[in-house]
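Take a look at the structure below.
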Amino acid sequence: MTLPAPLSWDRAQARAGKFDGRFILGVMSTGIYCLPSCAARPPRPENVRLFATETQAKAAGLRACKRCRPDLYYRGEDENLALFEGLAARVARAPDAFADAGALARAAGVSLTKLGDLFRDHAHLAPVQWLRRQRVRAAAHTLLHGKGRILDIGHAAGFESESVFHRQFQAQMRMTPGAWRALDGAWVFLLHLPPHYRAAEILAYHGRDPLAVSERSQGNRIWKALPTPDGPVVMEISIEPGQAWVRLHGKARLGRDSMVFLHGAALRLLALTQVVSGFEPRHADFVARRRGLRLPLLPTGFDALCWGIIGQQIHLKFAASLRRELVEIAGEKIGDMRAHPTPESVANIDVATLASRRYARSKARYLIEAAQAVTQGRLPVESLADGSAIAAERRLTAQRGIGTWTARYVLMRGGFGDAAPVGDSALATALQRLHQLPERPDAEQTARLMSAFAPHRSLATMHLWTYLKEGA
(Lines give C-alpha, C1' and ligand atoms only; values in the text may rest on other atoms or scores of the structure.)
Protein backbone atom coordinates (compact mmCIF):
# COMPACT_ATOMS: atom_id res chain seq x y z
CA MET A 1 0.00 0.00 0.00
CA THR A 2 1.28 3.45 -0.93
CA LEU A 3 0.98 5.84 1.98
CA PRO A 4 0.95 9.63 1.80
CA ALA A 5 3.87 11.51 3.24
CA PRO A 6 3.24 12.76 6.79
CA LEU A 7 2.53 16.33 5.67
CA SER A 8 0.89 15.71 2.30
CA TRP A 9 -2.73 15.10 3.28
CA ASP A 10 -5.33 17.70 4.14
CA ARG A 11 -5.66 17.71 7.92
CA ALA A 12 -9.19 19.16 7.81
CA GLN A 13 -10.29 16.24 5.66
CA ALA A 14 -8.50 13.87 8.01
CA ARG A 15 -10.36 15.30 11.03
CA ALA A 16 -13.61 14.83 9.10
CA GLY A 17 -12.86 11.11 8.80
CA LYS A 18 -11.96 11.04 5.09
CA PHE A 19 -8.85 8.90 5.67
CA ASP A 20 -10.04 6.60 8.45
CA GLY A 21 -9.44 3.03 7.31
CA ARG A 22 -6.86 4.06 4.70
CA PHE A 23 -3.90 4.44 7.04
CA ILE A 24 -3.01 4.76 10.73
CA LEU A 25 -1.04 7.50 12.46
CA GLY A 26 1.67 6.20 14.76
CA VAL A 27 2.93 8.74 17.29
CA MET A 28 6.33 7.34 18.16
CA SER A 29 7.03 9.82 20.95
CA THR A 30 4.01 8.71 23.00
CA GLY A 31 3.79 5.10 21.81
CA ILE A 32 0.19 5.24 20.57
CA TYR A 33 -1.53 4.78 17.23
CA CYS A 34 -4.54 6.82 16.13
CA LEU A 35 -7.12 7.23 13.44
CA PRO A 36 -6.38 10.19 11.14
CA SER A 37 -9.57 11.80 12.52
CA CYS A 38 -8.33 11.75 16.13
CA ALA A 39 -9.24 14.94 18.02
CA ALA A 40 -6.08 14.90 20.14
CA ARG A 41 -3.54 17.71 19.70
CA PRO A 42 -1.53 17.11 16.48
CA PRO A 43 1.92 15.64 17.22
CA ARG A 44 5.14 17.03 15.80
CA PRO A 45 5.61 15.81 12.20
CA GLU A 46 8.96 14.25 12.99
CA ASN A 47 7.27 12.03 15.61
CA VAL A 48 4.68 10.67 13.18
CA ARG A 49 4.98 7.41 11.29
CA LEU A 50 2.25 6.06 8.98
CA PHE A 51 1.13 2.44 8.99
CA ALA A 52 -0.99 0.65 6.43
CA THR A 53 -2.64 -1.68 8.96
CA GLU A 54 -3.36 -1.92 12.66
CA THR A 55 -1.25 -5.08 12.80
CA GLN A 56 1.80 -3.13 11.62
CA ALA A 57 1.20 -0.42 14.23
CA LYS A 58 0.97 -3.02 17.00
CA ALA A 59 4.10 -4.79 15.71
CA ALA A 60 5.94 -1.48 16.13
CA GLY A 61 5.05 -1.61 19.82
CA LEU A 62 2.30 0.99 19.72
CA ARG A 63 -0.94 0.85 21.74
CA ALA A 64 -4.40 2.10 20.76
CA CYS A 65 -5.35 5.72 21.47
CA LYS A 66 -7.95 6.01 24.24
CA ARG A 67 -9.65 8.98 22.55
CA CYS A 68 -10.31 7.88 18.99
CA ARG A 69 -10.28 4.11 19.78
CA PRO A 70 -8.82 2.75 16.53
CA ASP A 71 -9.01 -0.75 18.05
CA LEU A 72 -12.81 -0.47 18.10
CA TYR A 73 -12.85 0.98 14.60
CA TYR A 74 -10.90 -1.95 13.17
CA ARG A 75 -13.05 -4.48 15.04
CA GLY A 76 -16.04 -2.99 13.28
CA GLU A 77 -17.36 -1.42 16.47
CA ASP A 78 -18.74 2.09 16.72
CA GLU A 79 -16.15 4.32 18.36
CA ASN A 80 -18.74 7.07 18.85
CA LEU A 81 -20.97 4.63 20.71
CA ALA A 82 -18.05 3.59 22.90
CA LEU A 83 -17.25 7.24 23.53
CA PHE A 84 -20.84 8.04 24.53
CA GLU A 85 -21.22 5.01 26.75
CA GLY A 86 -17.85 5.58 28.40
CA LEU A 87 -18.72 9.19 29.14
CA ALA A 88 -22.15 8.23 30.48
CA ALA A 89 -20.52 5.75 32.85
CA ARG A 90 -18.12 8.40 34.13
CA VAL A 91 -20.94 10.88 34.76
CA ALA A 92 -22.98 8.21 36.56
CA ARG A 93 -20.06 7.60 38.93
CA ALA A 94 -19.41 11.28 39.65
CA PRO A 95 -22.06 13.70 38.31
CA ASP A 96 -20.58 16.56 40.36
CA ALA A 97 -17.28 16.31 38.44
CA PHE A 98 -18.82 17.76 35.25
CA ALA A 99 -19.86 21.38 35.61
CA ASP A 100 -21.03 21.94 32.04
CA ALA A 101 -20.82 20.83 28.43
CA GLY A 102 -17.24 22.04 28.26
CA ALA A 103 -16.27 19.63 31.01
CA LEU A 104 -17.96 16.79 29.12
CA ALA A 105 -16.11 17.73 25.93
CA ARG A 106 -12.75 17.85 27.72
CA ALA A 107 -13.36 14.49 29.34
CA ALA A 108 -14.23 12.97 25.96
CA GLY A 109 -11.38 14.70 24.19
CA VAL A 110 -13.65 16.23 21.55
CA SER A 111 -14.81 19.68 20.49
CA LEU A 112 -18.12 21.15 21.66
CA THR A 113 -19.46 20.71 18.13
CA LYS A 114 -18.51 17.03 18.11
CA LEU A 115 -20.00 16.63 21.59
CA GLY A 116 -23.30 18.13 20.40
CA ASP A 117 -23.42 15.74 17.45
CA LEU A 118 -22.60 12.80 19.72
CA PHE A 119 -25.42 13.51 22.16
CA ARG A 120 -27.92 14.40 19.45
CA ASP A 121 -27.30 11.03 17.78
CA HIS A 122 -27.19 8.85 20.88
CA ALA A 123 -29.23 10.61 23.58
CA HIS A 124 -31.50 12.75 21.38
CA LEU A 125 -30.69 15.60 23.77
CA ALA A 126 -28.32 18.53 23.95
CA PRO A 127 -25.33 17.75 26.23
CA VAL A 128 -26.51 20.22 28.89
CA GLN A 129 -30.03 18.73 28.91
CA TRP A 130 -28.59 15.24 29.24
CA LEU A 131 -26.22 16.28 32.04
CA ARG A 132 -29.08 17.94 33.93
CA ARG A 133 -31.14 14.77 33.63
CA GLN A 134 -28.28 12.64 34.99
CA ARG A 135 -27.80 14.94 37.95
CA VAL A 136 -31.48 14.90 38.84
CA ARG A 137 -31.56 11.11 38.61
CA ALA A 138 -28.54 10.79 40.89
CA ALA A 139 -30.09 13.16 43.42
CA ALA A 140 -33.46 11.37 43.25
CA HIS A 141 -31.83 8.03 44.02
CA THR A 142 -29.96 9.44 47.01
CA LEU A 143 -33.05 11.22 48.33
CA LEU A 144 -34.97 7.94 48.56
CA HIS A 145 -32.13 5.74 49.73
CA GLY A 146 -30.01 8.13 51.80
CA LYS A 147 -30.53 10.23 54.91
CA GLY A 148 -28.54 13.39 54.17
CA ARG A 149 -29.87 16.91 53.98
CA ILE A 150 -31.61 17.83 50.74
CA LEU A 151 -29.18 20.72 50.16
CA ASP A 152 -26.15 18.45 50.60
CA ILE A 153 -27.61 15.86 48.24
CA GLY A 154 -28.11 18.54 45.60
CA HIS A 155 -24.50 19.71 45.92
CA ALA A 156 -23.23 16.12 45.73
CA ALA A 157 -25.11 15.66 42.45
CA GLY A 158 -23.40 18.71 40.94
CA PHE A 159 -25.93 21.52 41.46
CA GLU A 160 -24.25 24.81 42.29
CA SER A 161 -27.03 26.19 44.50
CA GLU A 162 -30.17 25.15 46.35
CA SER A 163 -32.39 27.26 44.10
CA VAL A 164 -30.97 25.72 40.92
CA PHE A 165 -31.37 22.24 42.40
CA HIS A 166 -35.03 22.80 43.33
CA ARG A 167 -35.85 24.43 39.99
CA GLN A 168 -34.26 21.73 37.83
CA PHE A 169 -35.50 18.87 40.02
CA GLN A 170 -39.07 20.12 39.84
CA ALA A 171 -38.85 20.72 36.09
CA GLN A 172 -37.89 17.09 35.54
CA MET A 173 -39.67 15.22 38.33
CA ARG A 174 -42.69 17.57 38.52
CA MET A 175 -42.44 17.76 42.31
CA THR A 176 -40.03 19.24 44.84
CA PRO A 177 -37.15 17.19 46.29
CA GLY A 178 -38.98 17.11 49.63
CA ALA A 179 -42.18 15.78 48.08
CA TRP A 180 -40.17 13.16 46.20
CA ARG A 181 -38.51 11.99 49.42
CA ALA A 182 -41.98 11.64 50.99
CA LEU A 183 -43.14 9.27 48.20
CA ASP A 184 -42.03 6.17 50.10
CA GLY A 185 -45.24 4.41 51.11
CA ALA A 186 -47.57 7.16 49.81
CA TRP A 187 -50.90 6.36 48.15
CA VAL A 188 -51.43 9.85 46.74
CA PHE A 189 -49.00 12.33 45.18
CA LEU A 190 -49.21 15.56 43.21
CA LEU A 191 -47.49 16.42 39.93
CA HIS A 192 -47.12 20.03 38.80
CA LEU A 193 -48.02 20.55 35.14
CA PRO A 194 -46.11 22.94 32.86
CA PRO A 195 -47.72 26.16 31.60
CA HIS A 196 -50.15 25.78 28.68
CA TYR A 197 -50.41 22.02 29.24
CA ARG A 198 -52.83 20.41 26.76
CA ALA A 199 -54.78 17.60 28.39
CA ALA A 200 -57.25 16.81 25.59
CA GLU A 201 -54.92 14.74 23.43
CA ILE A 202 -53.48 12.92 26.45
CA LEU A 203 -56.94 11.93 27.68
CA ALA A 204 -58.01 10.90 24.18
CA TYR A 205 -54.94 8.72 23.70
CA HIS A 206 -55.52 6.73 26.88
CA GLY A 207 -59.19 6.31 26.01
CA ARG A 208 -58.69 5.36 22.36
CA ASP A 209 -59.87 1.79 23.00
CA PRO A 210 -63.23 2.03 24.83
CA LEU A 211 -63.16 -1.72 25.52
CA ALA A 212 -59.66 -1.79 27.01
CA VAL A 213 -59.24 -3.63 30.31
CA SER A 214 -55.82 -2.23 31.26
CA GLU A 215 -56.51 1.48 30.77
CA ARG A 216 -59.43 3.83 30.31
CA SER A 217 -60.20 7.53 30.33
CA GLN A 218 -63.31 9.48 31.23
CA GLY A 219 -63.74 13.20 31.77
CA ASN A 220 -60.48 14.54 33.22
CA ARG A 221 -59.34 11.15 34.57
CA ILE A 222 -57.14 8.29 33.42
CA TRP A 223 -57.04 4.82 34.98
CA LYS A 224 -54.12 2.52 34.23
CA ALA A 225 -53.56 -0.96 35.70
CA LEU A 226 -49.86 -1.69 36.18
CA PRO A 227 -47.74 -4.54 37.53
CA THR A 228 -45.33 -3.53 40.31
CA PRO A 229 -42.83 -5.42 42.50
CA ASP A 230 -45.50 -5.33 45.22
CA GLY A 231 -48.38 -6.58 43.10
CA PRO A 232 -50.79 -5.02 40.60
CA VAL A 233 -51.91 -1.43 41.12
CA VAL A 234 -54.50 0.78 39.46
CA MET A 235 -53.16 4.28 38.95
CA GLU A 236 -55.87 6.96 38.84
CA ILE A 237 -54.78 10.33 37.46
CA SER A 238 -56.98 13.42 37.77
CA ILE A 239 -55.84 16.26 35.51
CA GLU A 240 -56.70 19.68 36.88
CA PRO A 241 -55.53 23.22 36.01
CA GLY A 242 -51.79 23.33 36.66
CA GLN A 243 -51.60 19.99 38.45
CA ALA A 244 -52.39 16.29 38.33
CA TRP A 245 -53.36 14.21 41.35
CA VAL A 246 -52.16 10.59 41.24
CA ARG A 247 -54.01 8.09 43.45
CA LEU A 248 -52.90 4.49 43.75
CA HIS A 249 -55.28 1.58 44.38
CA GLY A 250 -53.73 -1.71 45.43
CA LYS A 251 -53.80 -4.40 48.09
CA ALA A 252 -50.27 -4.27 49.54
CA ARG A 253 -48.09 -1.47 50.88
CA LEU A 254 -45.89 -0.15 48.10
CA GLY A 255 -42.15 -0.07 48.60
CA ARG A 256 -39.62 2.36 47.19
CA ASP A 257 -39.02 0.46 43.95
CA SER A 258 -42.74 0.38 43.22
CA MET A 259 -43.10 4.09 43.96
CA VAL A 260 -40.18 5.02 41.71
CA PHE A 261 -41.73 2.97 38.91
CA LEU A 262 -45.22 4.41 39.39
CA HIS A 263 -43.97 7.99 39.54
CA GLY A 264 -42.06 7.44 36.28
CA ALA A 265 -45.09 5.77 34.73
CA ALA A 266 -47.25 8.77 35.62
CA LEU A 267 -44.75 11.15 34.02
CA ARG A 268 -44.73 9.07 30.84
CA LEU A 269 -48.50 8.67 30.68
CA LEU A 270 -48.89 12.45 30.97
CA ALA A 271 -46.05 13.13 28.48
CA LEU A 272 -44.15 15.14 31.08
CA THR A 273 -40.69 13.85 30.20
CA GLN A 274 -40.49 15.85 26.97
CA VAL A 275 -39.13 19.31 26.24
CA VAL A 276 -41.31 21.04 23.63
CA SER A 277 -39.80 24.51 23.86
CA GLY A 278 -36.97 23.77 21.43
CA PHE A 279 -39.28 22.36 18.76
CA GLU A 280 -42.07 24.93 18.61
CA PRO A 281 -40.07 28.10 17.81
CA ARG A 282 -38.30 26.34 14.93
CA HIS A 283 -41.60 25.24 13.34
CA ALA A 284 -43.87 28.06 14.49
CA ASP A 285 -46.18 28.10 11.45
CA PHE A 286 -46.65 24.33 11.46
CA VAL A 287 -47.45 24.06 15.19
CA ALA A 288 -49.42 27.30 15.51
CA ARG A 289 -52.77 25.52 16.03
CA ARG A 290 -51.28 22.87 18.31
CA ARG A 291 -48.93 24.73 20.64
CA GLY A 292 -48.21 22.71 23.76
CA LEU A 293 -49.03 19.38 22.09
CA ARG A 294 -47.13 16.47 23.63
CA LEU A 295 -46.52 12.84 22.73
CA PRO A 296 -47.96 10.40 25.31
CA LEU A 297 -45.53 7.65 26.20
CA LEU A 298 -46.18 4.12 27.42
CA PRO A 299 -45.43 3.27 31.05
CA THR A 300 -43.01 0.41 30.31
CA GLY A 301 -40.70 -0.56 27.50
CA PHE A 302 -42.38 -3.95 27.31
CA ASP A 303 -45.79 -2.33 26.83
CA ALA A 304 -44.32 -0.35 23.92
CA LEU A 305 -42.67 -3.49 22.52
CA CYS A 306 -45.96 -5.41 22.59
CA TRP A 307 -47.84 -2.54 20.96
CA GLY A 308 -45.16 -2.30 18.26
CA ILE A 309 -45.22 -5.99 17.36
CA ILE A 310 -49.00 -6.32 17.58
CA GLY A 311 -49.56 -3.22 15.46
CA GLN A 312 -47.36 -4.29 12.54
CA GLN A 313 -49.18 -3.88 9.22
CA ILE A 314 -52.71 -3.78 10.67
CA HIS A 315 -55.06 -0.91 11.47
CA LEU A 316 -55.39 0.53 14.96
CA LYS A 317 -58.81 -0.91 15.78
CA PHE A 318 -57.73 -4.49 15.06
CA ALA A 319 -54.41 -3.95 16.89
CA ALA A 320 -56.31 -2.74 19.96
CA SER A 321 -58.53 -5.82 19.90
CA LEU A 322 -55.49 -8.14 19.69
CA ARG A 323 -53.87 -6.32 22.57
CA ARG A 324 -57.03 -6.79 24.65
CA GLU A 325 -56.81 -10.52 23.98
CA LEU A 326 -53.20 -10.56 25.22
CA VAL A 327 -54.12 -8.70 28.41
CA GLU A 328 -57.06 -11.03 29.05
CA ILE A 329 -54.84 -14.09 28.64
CA ALA A 330 -51.80 -13.01 30.66
CA GLY A 331 -52.61 -9.83 32.61
CA GLU A 332 -53.03 -10.03 36.38
CA LYS A 333 -56.50 -9.02 37.55
CA ILE A 334 -57.06 -6.12 39.96
CA GLY A 335 -60.63 -5.03 40.60
CA ASP A 336 -62.44 -4.83 37.27
CA MET A 337 -59.18 -4.19 35.37
CA ARG A 338 -56.13 -6.20 34.39
CA ALA A 339 -52.52 -5.06 34.48
CA HIS A 340 -50.51 -5.24 31.28
CA PRO A 341 -48.79 -8.65 31.12
CA THR A 342 -45.20 -9.00 32.28
CA PRO A 343 -42.54 -10.39 29.93
CA GLU A 344 -42.51 -13.61 31.99
CA SER A 345 -46.24 -14.17 31.55
CA VAL A 346 -46.11 -13.56 27.77
CA ALA A 347 -43.02 -15.75 27.38
CA ASN A 348 -45.02 -18.70 28.72
CA ILE A 349 -47.95 -18.34 26.29
CA ASP A 350 -48.25 -21.00 23.58
CA VAL A 351 -48.39 -19.85 19.94
CA ALA A 352 -51.56 -21.88 19.45
CA THR A 353 -53.27 -19.96 22.25
CA LEU A 354 -52.69 -16.63 20.53
CA ALA A 355 -53.55 -18.11 17.14
CA SER A 356 -56.94 -19.10 18.54
CA ARG A 357 -57.46 -15.42 19.41
CA ARG A 358 -57.05 -14.17 15.81
CA TYR A 359 -53.26 -13.68 15.94
CA ALA A 360 -51.32 -14.61 12.83
CA ARG A 361 -48.93 -17.39 13.83
CA SER A 362 -45.91 -15.36 12.74
CA LYS A 363 -47.02 -12.39 14.87
CA ALA A 364 -47.63 -14.70 17.84
CA ARG A 365 -44.15 -16.20 17.50
CA TYR A 366 -42.51 -12.77 17.24
CA LEU A 367 -44.32 -11.58 20.35
CA ILE A 368 -43.51 -14.65 22.43
CA GLU A 369 -39.89 -14.77 21.27
CA ALA A 370 -39.43 -11.08 22.09
CA ALA A 371 -40.83 -11.68 25.59
CA GLN A 372 -38.43 -14.61 26.02
CA ALA A 373 -35.52 -12.41 24.91
CA VAL A 374 -36.51 -9.84 27.55
CA THR A 375 -36.79 -12.42 30.34
CA GLN A 376 -33.44 -13.97 29.39
CA GLY A 377 -31.69 -10.59 29.41
CA ARG A 378 -30.92 -10.57 25.68
CA LEU A 379 -33.26 -7.62 25.06
CA PRO A 380 -33.14 -5.23 28.08
CA VAL A 381 -36.14 -3.27 26.90
CA GLU A 382 -36.69 -1.39 30.18
CA SER A 383 -33.21 0.13 30.20
CA LEU A 384 -32.93 1.02 26.51
CA ALA A 385 -34.14 4.60 27.04
CA ASP A 386 -31.30 5.23 29.51
CA GLY A 387 -28.60 4.55 26.93
CA SER A 388 -27.83 5.17 23.28
CA ALA A 389 -30.65 5.43 20.74
CA ILE A 390 -28.41 3.94 18.08
CA ALA A 391 -27.53 0.97 20.28
CA ALA A 392 -31.19 0.57 21.26
CA GLU A 393 -32.34 0.41 17.65
CA ARG A 394 -29.65 -2.16 16.86
CA ARG A 395 -30.68 -4.32 19.82
CA LEU A 396 -34.31 -4.17 18.76
CA THR A 397 -33.82 -4.88 15.06
CA ALA A 398 -31.53 -7.82 15.91
CA GLN A 399 -34.62 -9.53 17.34
CA ARG A 400 -36.55 -11.62 14.83
CA GLY A 401 -39.78 -9.92 13.74
CA ILE A 402 -38.69 -6.38 14.61
CA GLY A 403 -37.94 -4.05 11.73
CA THR A 404 -37.25 -0.34 11.54
CA TRP A 405 -40.89 0.75 12.04
CA THR A 406 -41.34 -1.37 15.17
CA ALA A 407 -37.98 -0.35 16.61
CA ARG A 408 -38.63 3.34 16.04
CA TYR A 409 -42.12 3.02 17.53
CA VAL A 410 -40.65 1.47 20.68
CA LEU A 411 -38.01 4.22 20.87
CA MET A 412 -40.59 6.96 20.33
CA ARG A 413 -43.11 5.63 22.87
CA GLY A 414 -40.25 4.83 25.23
CA GLY A 415 -39.00 8.39 25.50
CA PHE A 416 -36.40 9.04 22.78
CA GLY A 417 -37.04 12.45 21.25
CA ASP A 418 -35.79 12.00 17.68
CA ALA A 419 -37.26 8.70 16.49
CA ALA A 420 -39.37 8.82 13.32
CA PRO A 421 -41.35 5.59 12.69
CA VAL A 422 -40.49 5.44 9.01
CA GLY A 423 -42.92 3.12 7.25
CA ASP A 424 -45.92 4.34 9.23
CA SER A 425 -48.89 4.73 6.90
CA ALA A 426 -50.51 7.66 8.72
CA LEU A 427 -47.19 9.51 8.94
CA ALA A 428 -46.62 9.15 5.22
CA THR A 429 -50.17 10.33 4.45
CA ALA A 430 -49.74 13.37 6.69
CA LEU A 431 -46.47 14.28 4.95
CA GLN A 432 -48.15 13.88 1.56
CA ARG A 433 -50.90 16.29 2.59
CA LEU A 434 -48.53 18.75 4.28
CA HIS A 435 -46.25 18.99 1.23
CA GLN A 436 -49.07 18.55 -1.32
CA LEU A 437 -47.34 15.61 -2.99
CA PRO A 438 -48.99 13.74 -5.86
CA GLU A 439 -48.28 10.38 -4.18
CA ARG A 440 -47.70 9.16 -0.67
CA PRO A 441 -43.94 9.15 0.06
CA ASP A 442 -42.15 5.83 0.39
CA ALA A 443 -39.87 5.00 3.34
CA GLU A 444 -36.83 6.73 1.85
CA GLN A 445 -38.79 9.88 1.00
CA THR A 446 -40.44 9.86 4.43
CA ALA A 447 -37.04 9.71 6.13
CA ARG A 448 -35.82 12.63 4.03
CA LEU A 449 -38.88 14.76 4.75
CA MET A 450 -38.74 13.99 8.47
CA SER A 451 -35.09 15.04 8.64
CA ALA A 452 -36.32 18.66 8.57
CA PHE A 453 -37.73 18.10 12.08
CA ALA A 454 -34.51 16.73 13.62
CA PRO A 455 -33.73 16.52 16.52
CA HIS A 456 -37.44 16.46 17.47
CA ARG A 457 -38.85 13.85 15.09
CA SER A 458 -40.82 12.01 17.79
CA LEU A 459 -42.80 15.12 18.70
CA ALA A 460 -43.09 16.05 15.02
CA THR A 461 -44.69 12.65 14.39
CA MET A 462 -47.35 13.41 17.00
CA HIS A 463 -48.00 16.78 15.37
CA LEU A 464 -48.30 15.16 11.94
CA TRP A 465 -50.70 12.50 13.20
CA THR A 466 -52.81 15.21 14.85
CA TYR A 467 -52.61 17.38 11.72
CA LEU A 468 -53.93 14.43 9.69
CA LYS A 469 -56.89 14.00 12.07
CA GLU A 470 -57.64 17.73 11.86
CA GLY A 471 -57.79 17.50 8.09
CA ALA A 472 -60.08 14.48 8.26
Failed condition for residue 431, given (1) farther than 24 Å from residue 273 by Cβ; (2) out of contact with any Leu (no Cβ under 6 Å at 6 or more places or on another chain): (2)
Candidates 184, 121, filtered to the one that is under 30 Å from residue 289 (Cα atoms) and either acidic (Asp, Glu) or part of a loop (DSSP other than H, G, I, E, B) (or both): 121
Check on residue 459, in a helix (DSSP H, G or I), within 15 Å of the chain's Cα centre (by Cα) and at pLDDT 95 or above: yes
Residue that is surrounded by the most Cβ atoms within 10 Å (Cβ to Cβ) [pool: residues in segment 37-60 that are outside any loop (DSSP other than H, G, I, E, B) and in contact with a helix residue (DSSP H, G or I) (Cβ under 7 Å, 6 or more places away or on another chain)]: 51
Matching residues, segment 193-206, being open to solvent by 30 Å² or more (accessible area, probe 1.4 Å), touching a strand residue (DSSP E or B) at 6+ places or on another chain (Cβ under 9 Å) and assigned to a loop (DSSP other than H, G, I, E, B): 197
Segment 75-100 residues that are on the phi < 0 side of the Ramachandran plot and modelled with pLDDT under 90, paired with ones that are assigned to a loop (DSSP other than H, G, I, E, B) and charged (D, E, K, R) (beta carbon under 6 Å, 6 or more apart): 79/69; 82/69
Qualifying residue in segment 238-248 (condition: in contact with a Phe, Trp or Tyr (Cβ under 8 Å, 6 or more places away or on another chain) and within 22 Å of residue 464 (Cα to Cα)): no
Extreme residue, nearest to the chain's Cα centre (by Cα), among residues of segment 366-417 that are among the β-branched types (Val, Ile, Thr), closer than 20 Å to residue 314 by Cβ and buried (at least 23 other Cβ atoms within 10 Å of the Cβ): 410
Any hit, segment 330-339, residues being on the phi > 0 side of the Ramachandran plot and either of a type in the set (Ser, Thr, Tyr) or out of contact with any Lys or Arg (no Cβ under 9 Å at 6 or more places or on another chain) (or both): yes
Selection within segment 207-228 - open to solvent by 20 Å² or more (accessible area, probe 1.4 Å) and either of a type in the set (D, E, K, R) or touching a Cys at 6+ places or on another chain (Cβ under 6 Å) (or both): 208, 209, 216, 221
Criterion violated by residue 287 - all others in (1) buried (at least 18 other Cβ atoms within 10 Å of the Cβ); (2) assigned to a loop (DSSP other than H, G, I, E, B); (3) modelled with pLDDT under 95 satisfied: (2)
Checking residue 343 against (1) open to solvent by less than 40 Å² (accessible area, probe 1.4 Å); (2) more than 24 Å from residue 277 (Cα to Cα); (3) of a type outside the set (A, V, I, L, M, F, W, C); (4) in contact with a Leu (Cβ under 8 Å, 6 or more places away or on another chain), the condition it does not meet: (4)
From the options 420, 428, residue that is open to solvent by less than 20 Å² (accessible area, probe 1.4 Å), part of a loop (DSSP other than H, G, I, E, B) and of a type in the set (Gly, Ala, Ser): 420
Filter pass, residue 440 being open to solvent by 50 Å² or more (accessible area, probe 1.4 Å), among the basic types (Lys, Arg) and touching a Lys or Arg at 6+ places or on another chain (Cβ under 9 Å): no
Among the residues listed as 385, 352, 391, 371, the single one being of a type in the set (A, V, I, L, M, F, W, C), closer than 30 Å to residue 78 by Cβ, part of a helix (DSSP H, G or I) and modelled with pLDDT of 95 or more: 371
Residues satisfying the stated conditions in segment 310-329, i.e. open to solvent by less than 30 Å² (accessible area, probe 1.4 Å), aliphatic (A, V, I, L, M) and over 19 Å from residue 235 (Cα atoms): 310, 319, 320, 322, 326
Residue that is touching a Lys or Arg at 6+ places or on another chain (Cβ under 8 Å), closer than 21 Å to residue 416 by Cβ and either of a type outside the set (Lys, Arg) or modelled with pLDDT under 95 (or both), where the choices are 343, 299: 299
Sole residue being among the polar types (S, T, N, Q) and closer than 25 Å to residue 421 by Cα, chosen from 356, 388: 388
Residue 139 vs. criteria within 23 Å of the chain's Cα centre (by Cα) and modelled with pLDDT of 95 or more: yes
Segment 61-115 - residue that is of a type in the set (Ser, Thr, Tyr) and part of a helix (DSSP H, G or I) and, of those, surrounded by the fewest Cβ atoms within 10 Å (Cβ to Cβ): 113
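The values are calculated or read from the model by the stated rules, or taken from the named source; none is laboratory data. Source: prediction; values computed, not measured. We place every Cβ from the backbone using ideal geometry, glycine too, and count neighbours over all the protein chains shown. These accessible areas exclude ligands, DNA and RNA; they are computed on the full protein's heavy atoms, side chains included. Shrake-Rupley method; radii C 1.70, N 1.55, O 1.52, S 1.80 Å.
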